[in-house]
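Peer 1: Here it is, the structure, as structure tokens.
The values are calculated or read from the model by the stated rules, or taken from the named source; none is laboratory data. Being a predicted model, the structure only gives us computed values, none of them experimental. Quick reminder, even Gly has a Cβ in these numbers, built from the backbone with ideal geometry, and neighbours come from all protein chains shown. Side chains included, ligands, DNA and RNA excluded: accessible areas come from the protein's heavy atoms. Shrake-Rupley method; radii C 1.70, N 1.55, O 1.52, S 1.80 Å.
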Amino acid sequence: MKNISLNIDKVAGFVSKETIAAYEPQVKACMETLENGTGKGNDFLGWLHLPSSITAGHLADLKATAQVLRDNCEVVVVAGIGGSYLGARAVIEALSNSFQWLKAKQNGPVIVFAGHNIGEDYLFELTEYLKDKKFGVINISKSGTTTETALAFRLLKKQCEDQLGKEMAKKVIVAVTDAKKGAARVTADKEGYKTFIIPDNVGGRFSVLTPVGLLPIAVAGFDIEKLVEGARTMETVCGPATPFAENPAAVYAATRNELYKDGKKIEILVNFNPKLHYMNEWWKQLYGESEGKDGKGIYPSAVDFSTDLHSMGQWIQEGERTIFETVISIEKPEHTLQVPSDGENLDGLNFLAGKRVDEVNKMAELGTQLAHVDGGVPNMRLIVPELNEYYLGEIIYFFEKACGISGYLLGVNPFNQPGVEAYKKNMFALLNKPGYEEESKAIQARL
Ligand SMILES: O=P(O)(O)OC[C@H]1O[C@H](O)[C@H](O)[C@@H](O)[C@@H]1O
């Protein structure tokens, strides 16, 4: 079975393969630092060998819990934000039928998301929608105290208990949180919810292969064993025993750092498959929150092509030449659809008649790559044989490993996120949260 692979041929016109190869010693050192746990943020390296450490018993426990929710719920609300949301949504949306949620007959609970915003209308409309539904909740928060998630959970817990009664609510509410601390843990233990632990040494943005992602993905009816299997493969392929030139994570980390040094300050992750939109979002947090520190770091941007070629295509083709593209290229679609012939040919499309729609998409991808490279945009391609659980597992681990290496190459701590506390402090001060009296006074004086 072939693995995902990285093609940097279209970077050669900007950075030579020799320059990338010269990164080998540095990358080797970064990988040793990760393996030996001797670098910055070394208390958050639980993700590094997580795939190979996941046991059959753990997967069975997750699947059994998922089955309870699938058997008892028409809807399951996944409550979480950031790393406690994006990985699950990325995988579920990548694997789901785009219109399944609209079908009269469902083959499992509809999955909806909450706790990832503070939208009053969003939450109102969600609670309205749930009024006549048997729904469950997966409450996901590593800290157990994130305001967005806690606020949504307070609403959902009450509604679930009001509608289903405390006993049934206890059956269909699951918490995924810290082993010991935080409000989510305290509430789950008091109410007797089934809980799963987010390991202390796995940061949120690296947690999709913990119950944070695996439970919602299993509830959605997808194969978490295959997902973990793919991640395990990439853990080996991107491991220290693989020669640099054959290690896609190493080459990707080296290439993006060299491009950054060359003034390419923005990386645009590109897909030509709309099901990958949330993979974009997951990747943005993983790289943005890991590298945006000390006044440096590649800005992670993302687009869905060919859709966004009609909105961002102009900027990418002719704007400031400080960008490079990384394209996730899915080789084979799941379904087959041909372009029909039309006798009148009023739309002039008969030149496509008989072709697979994906052939048109692939030519759009190739045409775009050539146009953007001609326009001065270096292009990397992550080639993925097909979009399934196994290869999503490979993609996840590939980007996680490359992120760890890349952050160390950049000279930052890839595993903390001190910057995210600033808005929270101001928000709590403005809301007069107890314990923020001084901050409240100070911030009011600024308004
Ligand atoms: O899982 P939680 O503790 O609720 O945190 C959810 C998210 O919010 C934090 O502020 C960080 O930005 C993220 O790294 C984290 O994934």
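Peer 1: Given H placed 1.01 Å from N in the peptide plane, which residues other than close sequence neighbours of Phe113 have an amide H under 5 Å from its amide H?
Peer 2: Answer set, sorted by chain and number: Val78.
Peer 1: At what distance in nm do the modelled label points of Asp162 and Tyr122 sit from each other, each positioned 7 Å from its Cα along Cα→Cβ?
Peer 2: Distance between the two pseudo-spin positions: 2.1 nm.
Peer 1: Okay, next question. So for the range 49-222, what are the equivalent ellipsoid semi-axes in whole Å, largest first, each being the square root of 5 times an eigenvalue of the Cα gyration tensor? List each step's numbers first, then the result.
Peer 2: Working: eigenvalues 97, 72, 50 Å².
So the three semi-axes of the range 49-222 are 22, 19, 16 Å.
Peer 1: Then there is this: Could you do me a favour and compute the accessible area per residue for the range 166-240, 1.4 Å probe, result in Å²?
Peer 2: Values: 2690 Å² over 75 residues.
Value for the range 166-240: 36 Å² per residue.
Peer 1: If each residue of separation counts as 0.36 nm, what is the full-extension length gain between Lys362 and Tyr423 once their alpha-carbon separation is subtracted? Can you show the working numbers first?
Peer 2: Details: separation 61, 0.36 × 61 = 21.96 nm, distance 4.23 nm.
Once the chain is fully extended between Lys362 and Tyr423, it gains 17.7 nm.
Peer 1: Sort the following peptides by mean Cβ neighbour count (other Cβ atoms within 10 Å, averaged over residues), highest first: 221-229, 118-126, 93-101. Provide the component values of the computation, followed by the final result.
Peer 2: On the way: 221-229: 20.1, 118-126: 12.7, 93-101: 14.6.
Top of the packing list down: 221-229, 93-101, 118-126.
Peer 1: Give the residue from Leu62, Leu410, Ile92 lying farthest towards the positive end of the charge dipole for the chain; charges sit on Cβ (+1 for Lys and Arg, -1 for Asp and Glu) and the dipole is referred to the Cα centre.
Peer 2: Of the listed residues, the answer is Leu62.
Peer 1: I'm checking a number: the convex hull volume of the Cα atoms of the chain, normalised per residue, in Å³. What is it? It would help to have the intermediate numbers written out before the result.
Peer 2: Numbers: hull volume 80.7 nm³, N = 447.
Considering the Cα atoms of the chain, their hull volume per residue is 181 Å³.
Peer 1: Another one. Report, in deg cm²/dmol and to the nearest 500, the calculated mean residue ellipticity at 222 nm for the chain, where each DSSP H run with n ≥ 4 adds -39500 (n - 2.57) and the sum is divided by the residue count. Intermediate values should be presented prior to the final figure.
Peer 2: On the way: 17 runs with 213 residues, N = 447.
The helix-only estimate for the chain comes to -15000 deg cm²/dmol at 222 nm.
Peer 1: Counting Lys and Arg as +1 and Asp and Glu as -1, each charge on the Cβ, what is the dipole of the chain about the Cα centre in debye, to the nearest 20?
Peer 2: Numbers: 48 positive and 57 negative charges, 246 e Å.
That gives a dipole near 1180 debye.
Peer 1: With every protein chain left in place, what is the accessible area per residue of the range 386-447 in square angstrom, probe 1.4 Å?
Peer 2: Working: 2830 Å² over 62 residues.
Here the residues of the range 386-447 average 46 Å² of exposed surface.
Peer 1: If you place +1 on the Cβ of every Lys and Arg, -1 on the Cβ of every Asp and Glu, and leave all else neutral, what size is the dipole of the range 51-162 about its Cα centre, to the nearest 20 Debye? Walk me through the numbers on the way to the answer.
Peer 2: On the way: 12 positive and 12 negative charges, 64 e Å.
Computed about the Cα centre, the dipole is about 300 debye.
Peer 1: Taking springs between alpha-carbon atoms closer than 10 angstrom, which of Val27, Val360, Val270 fluctuates most in the Gaussian network model of the chain?
Peer 2: Most flexible of the set in this elastic network: Val360.
Peer 1: Ignoring ligands, DNA and RNA, what accessible area per residue does the range 25-138 give at 1.4 Å, in Å²? Don't skip to the answer; put the middle values down first.
Peer 2: Working: 5420 Å² over 114 residues.
Result: 48 Å² of accessible area for each residue.
Peer 1: Additional query: Quick one: dipole size for the range 126-275, taken about the Cα centre, charges +1 on Lys/Arg Cβ and -1 on Asp/Glu Cβ, in debye to the nearest 20.
Peer 2: Details: 23 positive and 18 negative charges, 104 e Å.
Rounded to the nearest 20 debye, it is 500 debye.
Peer 1: Rounded to whole Hz and in sequence order, give me ³J(HN,Hα) for the range 322-337 from the Karplus expression 6.51 cos²θ - 1.76 cosθ + 1.60, θ = phi - 60°, writing x for Gly and Pro.
Peer 2: 3J(HN,Hα) across the range 322-337, in whole Hz: 10, 10, 9, 10, 10, 9, 8, 10, 8, 5, 10, x, 6, 10, 10, 9.
Peer 1: Would you mind telling me which residue in Ala231, Ala253, Ala429 has the biggest mean-square fluctuation in a Gaussian network model of the chain, where springs connect alpha carbons within a distance under 10 angstrom?
Peer 2: Its mean-square fluctuation being the largest, the pick is Ala429.
Peer 1: Now a separate question. Taking the chain as a Gaussian network, where each spring joins two C-alpha atoms under 10 Å apart, which residue of Pro25, Pro340, Pro109 fluctuates the most?
Peer 2: Answer for the Gaussian network model of the chain: Pro340.
Peer 1: Here is a follow-up. Gain in length, Asn97 to Asp71, computed as 0.36 nm per residue apart minus the alpha-carbon separation, to one decimal in nm? Write down the numbers at each step before the final one.
Peer 2: Values: separation 26, 0.36 × 26 = 9.36 nm, distance 2.05 nm.
Extra length from Asn97 to Asp71 when fully extended: 7.3 nm.
Peer 1: Find out how many positive minus negative residues lie around Asp178, taking Lys and Arg as positive, Asp and Glu as negative, among other residues whose Cβ is under 14 Å from that of Asp178.
Peer 2: Working: positive: Lys142, Lys180, Lys181, Arg185; negative: Asp189, Asp200.
Neighbourhood net charge equals +2.
Peer 1: Which of the peptides 271-281, 164-174 is most tightly packed, and how do the rest follow, going by the mean number of other Cβ atoms within 10 Å of each residue? Please list the in-between numbers first.
Peer 2: Values: 271-281: 20.3, 164-174: 17.9.
In descending order of packing, they fall as 271-281, 164-174.
Peer 1: Evaluate the relative contact order of the chain (contact order divided by residue number), counting alpha-carbon pairs under 8 angstrom at least 6 apart; express in whole percent. Intermediate values should be presented prior to the final figure.
Peer 2: Numbers: 739 pairs, mean separation 100.7, N = 447.
Across the chain, relative contact order equals 23 percent.
Peer 1: On alpha-carbon atoms, Rg over Rh for the range 216-338 using Kirkwood Rh? Please list the in-between numbers first.
Peer 2: Numbers: Rg = 16.7 Å, Rh = 16.7 Å.
We get a ratio of 1.00 for the range 216-338.
Peer 1: At a 1.4 Å probe radius, carbon and sulfur cover how many percent of the accessible area of the range 333-447? It would help to have the intermediate numbers written out before the result.
Peer 2: On the way: 3370 of 5940 Å².
Whole-percent figure for carbon plus sulfur exposure: 57.
Peer 1: Right, next: In whole percent, how big is the carbon plus sulfur part of the accessible area of the range 49-222, probe 1.4 Å, protein atoms only? Write down the numbers at each step before the final one.
Peer 2: Values: 4250 of 7380 Å².
About 58 percent, which is the carbon plus sulfur part of the accessible surface.
Peer 1: In addition: Sort the following peptides by mean Cβ neighbour count (other Cβ atoms within 10 Å, averaged over residues), highest first: 286-293, 362-369, 195-202.
Peer 2: Working: 286-293: 22.0, 362-369: 15.6, 195-202: 18.6.
Final packing ranking: 286-293, 195-202, 362-369.
Peer 1: Something else: Rounded to the nearest 0.05, what FRET efficiency do Asp294 and Leu337 give with R0 = 35 Å and r taken as the Cβ-Cβ distance? Could you check?
Peer 2: On the way: r = 49 Å, r/R0 = 1.39.
Efficiency computed from Cβ-Cβ geometry: 0.10.
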